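Below is one structure, written out as structure tokens; comments come after it.
No value in this document is a laboratory result; all are computed from the given coordinates. Quantities reported herein were computed from a predicted structural model and do not represent experimental measurements. Positions of Cβ are backbone-derived with ideal geometry, glycine not excepted, and every protein chain shown enters the neighbour counts.
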Amino acid sequence: MREALLLAAGNSQRFAGIKQLAMWQGQSLINHSVSQFYEDGVILQGLNGLRVALGANAQQIKAQLASAVETIDMQNWSQGIGATIAEAVSRMPTTTKHLLIALADQIAIKHTDFLHLIALSEQYPNHIIAARYADVVGVPAIFPQRFFSHLQQLSGDKGARSLFALWQDAVISVDMPHASLDVDTQQDLVNALHNQQT
């Protein structure tokens, strides 16, 4: 089965506030990001389920999420995104054959971007399918089960992107300009809102 993991565990230190609860397109950033995994209220075709990894401010964020959204409380979130990925992967269902990892603060990504990744994953089930943007290959990305043990060895602030160079022959990258918008600061969000209106 193909599962999805949305990373939203960070403490938004550079944002000077709870980034996941900032407003974007009429709803909280976290709810907007979650909504892109659904189409007409149904989980995207090709996905079995979605789990949201939470850490800092978990209770406030959970209060914003619909009760049907499954969350995972990360014990190691303060150690960085690598540690969060490692812990989250270890807590996926044992039936998981592929895992789509995405970031809650890549707010321009649309459900059609995820569907494109899923379609390629179905076509090339033994390959990592990863987004390509701003001259980098990164998440969102879909990993086959054979790479889970490597993901579980991540630590600190070193995310999944650090592994793509090691597995070049196994990576199929997809142009995804939407993924280049990554909200780290209040100004990033202001700029994104401005660009949306122009």
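Across the stretch 2-197, C-alpha contacts under 8 Å between residues 6 or more apart give a mean separation that, scaled by the residue count, equals a relative contact order of 25 percent.
Based solely on its DSSP helices, what 222 nm [θ] is calculated for the chain when runs of n ≥ 4 H residues each add -39,500 (n - 2.57) and the sum is averaged over all residues, nearest 500 deg cm²/dmol?
Details: 7 runs with 57 residues, N = 198.
My calculation for the chain gives -8000 deg cm²/dmol from helical runs alone.
The stretch between His111 and Ser149 holds 10.9 nm of extra length on full extension. This uses 0.36 nm per residue minus the Cα-Cα distance. Picking from Ala160, Ala16, Ala119, which is most flexible by a Gaussian network model of the chain using Cα springs under 10 Å? Most flexible of the set in this elastic network: Ala16.
In the chain, what is the count of Lys pairs whose alpha carbons are under 25 Å apart, counting only pairs at least 8 residues apart or on separate chains? Provide the component values of the computation, followed by the final result.
Numbers: Lys19/Lys62; Lys19/Lys110; Lys19/Lys158; Lys62/Lys110; Lys97/Lys110; Lys97/Lys158.
Taking the chain as the scope, the lysine pair count is 6.
Of Val139, Val171, Val69, the residue with the greatest mean-square motion in the GNM of the chain, using alpha carbon springs below 10 Å, is Val69.
Can you tell me which of Ala141, Ala102, Ala56 moves the most in a GNM of the chain? Springs connect C-alpha atoms under 10 Å apart. It is Ala56. Put simply, the stretch 107-198 fits an ellipsoid with semi-axes of 26, 17, 10 Å; these come from the alpha carbon gyration tensor as the roots of five times its eigenvalues, largest first. Under the rule a/c < 1.5 gives rounded, and otherwise a/b versus b/c splits prolate from oblate, where does the stretch 64-170 land using the Cα gyration tensor? It comes out rounded by the Cα gyration axes.
Compute the Cα gyration tensor for the chain, then decide on rounded, prolate or oblate, letting a ≥ b ≥ c be the square roots of its eigenvalues: rounded whenever a/c is under 1.5, prolate when a/b is larger than b/c in the other cases, and oblate in all that remain. Before the final figure, lay out the partial values.
Details: a/c = 1.37, a/b = 1.26, b/c = 1.09.
Rounded, because the longest to shortest axis ratio a/c is under 1.5.
When both the stretch 2-77 and the stretch 138-163 are represented by their alpha-carbon centers, they are found 19 Å apart.
With both partners inside the chain, how many of the DSSP beta bridges are antiparallel, as a percent to the nearest 5?
So the antiparallel bridges in the chain amount to around 35 percent.
Between Gln168 and Asp135, what FRET efficiency comes out of the Förster formula 1/(1 + (r/R0)^6) with R0 = 25 Å and r the beta carbon distance, rounded to 0.05? All intermediate terms of the calculation are to be shown ahead of the outcome.
On the way: r = 15 Å, r/R0 = 0.61.
That gives a FRET efficiency of 0.95.
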